[in-house]
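Report on the structure given below.
Every read-out reported here was derived from the displayed coordinates using simple, explicitly stated rules and does not represent laboratory data. This structure is a prediction, so every number in the text was calculated from the model and none was measured. Neighbour counts are summed over all protein chains in view; Cβ atoms, including those assigned to glycine, are modelled from backbone coordinates with ideal geometry.
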Amino acid sequence: MPLASPHLRTDLDLTTRELVRLLDLAAHLKRDPAAFAHSLAGRYLSLLFEKPSLRTRFTFDLAIQQLGGGAVTQIGPIGDREPLADIARNLDRWTSAIVARVFSQDTIEELARWSRVPVVNALSDLYHPCQILADLQTIHERFGRWQGLKLAYIGDGNNIAHSLLLNAGRLGIHVAIACPATHAPLPAVTAAAEAAGVQFSITPDPRHAADGAHIVYTDVWASMGQEAEALARQQIFAPYQVNAPLLAAARPEAIFLHCLPAKRGQEVTADVIESPQSAVFDQAENRLHAQKALLVLLLEKPAHV
Ligand code: CP
Ligand code: NVA
């Protein structure tokens, strides 16, 4: 059955039922990487990157190739030479989907407004839905469930925090965010999380958030595009470092997650990210499987075609 939304602009474009279906398929594709090997045969995707990427770029490119398709990648500003409306209406004539990593969520919205083919948010200032798909796959591998788990997100109330709230929260994970009051998730996102029935809490106290958590998650203190603020942010976020004492406040079986790239010695200490509790490379691997599942579901042809 086709997905309810033709696009993945934000996490909420997938219904909760579709999210679970996608994650089931991701697990299947991990067990059987050759499955769906021809589902994109003869089809090509546009990959646009305004910001650097290792994981997202490689895993989309590989996912498309493993599904039998091809991709054309452009790195650099989107919309400087011509209007986004024109870019979307060129790319949708040649390719079957537009995957875009952008500075502003508005760029994703505008591409989706004009494109006749699916637009996938590969990270914006507000959301990183593809990352959270892999995170949820990793969590299920480790705990066999999502319902009833506590995830402590420690640090900046950024794109990762937003997508965790919306996606992890919808699967019954309690999301406990510890952040400075000045860098909390946007009210519009917490309102959307509330409307989606998500159980979450926001506190300035990292210990309180980590207490009894099954998952401790952090991200960089200065996201891409915030490099000029990096020094000031190191001061602001210093109390939010995930280190061994903070991880010890979580459950003994807790796992550590980080979307990567990580800055060791800032948001996480080297001993934590290299510890047996760290699942960051499973997370990175699962970007591939989860995005293959996303592309299969997003681009599957209706039965009558
Ligand atoms: N986690 C993530 O999106 O990594 P990249 O920035 O390398 O794509
Ligand atoms: N918050 C980070 C995530 C990187 C994957 C950023 O936007 O740079």
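For the pair S201 and A181, a Förster radius of 22 Å applied to the C-beta separation gives a FRET efficiency near 0.95, rounded to the nearest 0.05.
Extension gain, Q234 to D32, is 68.4 nm, computed as 0.36 nm per intervening residue step minus the present C-alpha separation. Net charge in the neighbourhood of R233 (other residues with Cβ under 13 Å of its Cβ; Lys, Arg +1, Asp, Glu -1) is -4. With contacts taken as Cα pairs under 8 Å and at least 6 residues apart, region 1-120 reaches a relative contact order of 29 percent.
Ranked by the mean number of other Cβ atoms within 10 Å of their residues, highest first, the peptides 121-131, 223-233 fall in the order 121-131, 223-233.
Straight-line cross-link partners of K263 among the lysines, defined as a Cα under 23 Å from its Cα and at least 8 positions apart when in the same chain: K51. Counting pairs of Cα atoms in region 1-118, how many percent are more than 24 Å apart? The share of Cα pairs beyond 24 Å in region 1-118 comes to 28 percent.
Helix 129-143 and the longest principal axis of the C-alpha atoms of the chain enclose an angle of approximately 60°. Taking a Cβ cut-off of under 12 Å around I75, the surrounding Lys, Arg, Asp and Glu residues balance to a net charge of +2, with basic ones at +1 and acidic ones at -1.
Annotation: extensible slack from Y44 through A270 equals 77.4 nm (criterion: 0.36 nm per residue apart, minus Cα-Cα distance). Only helices enter the 222 nm calculation for the chain: every DSSP H run of n ≥ 4 contributes -39,500 (n - 2.57), and dividing by all residues gives -11500 deg cm²/dmol, rounded to 500. The C-alpha atoms of the chain define a longest principal axis, and helix 55-66 lies at about 40 degrees to it.
Once the Cα atoms are used to define both axes, helix 105-114 deviates from the longest principal axis of the chain by about 20 degrees. Take every Cα pair under 8 Å whose residues are at least 6 apart in sequence, average their separation, divide by the length of the chain, and the relative contact order is 20 percent. Only lysines eight or more places from K292 in sequence, or on another chain, were considered; those with a Cα closer than 20 Å are K30, K301. Computed from phi, the 3J(HN,Hα) profile of region 271-278 under the Karplus parametrisation 6.51, -1.76, 1.60 (θ = phi - 60°) reads 5, 6, 5, 9, 7, x, 6, 6 Hz, with x in place of Gly and Pro.
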